[in-house]
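Attaching a single structure in structure tokens format; questions to follow.
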């Protein structure tokens, strides 16, 4: 099985100021359902994200960490090779 290009069932963990939030993507979350999954995390008083961690479920569980995200309000994440 190849890459999970729609990120179905991927878990995204966002950590800012020591607080971690998690969201999981699902098939059909957006219209049209083939569109990329979008997530929104509230940072509260934090001005930076400490770490974004993605757990890709396919082809097998692979963890990807991003630590140099700056204060970018929109980040596109692709599964690493």
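Being over 12 Å from residue 14 (Cβ atoms) and modelled with pLDDT of 80 or more is true for just one of 49, 55. Which residue is that? Break it down stepwise before answering.
On the way: 49 fails: over 12 Å from residue 14 (Cβ atoms).
Answer to the selection: 55.
Being modelled with pLDDT under 75 and not in a strand (DSSP E or B) narrows it down to one of 76, 69, so name that one. Outline the logic, then answer.
Details: 76 fails: modelled with pLDDT under 75.
On inspection, the qualifying residue turns out to be 69.
The values are calculated or read from the model by the stated rules, or taken from the named source; none is laboratory data. Given the structure is predicted, the values throughout are model-derived calculations rather than measurements. Cβ sites come from the backbone with ideal geometry, for glycine too, and all protein chains shown count toward neighbours.
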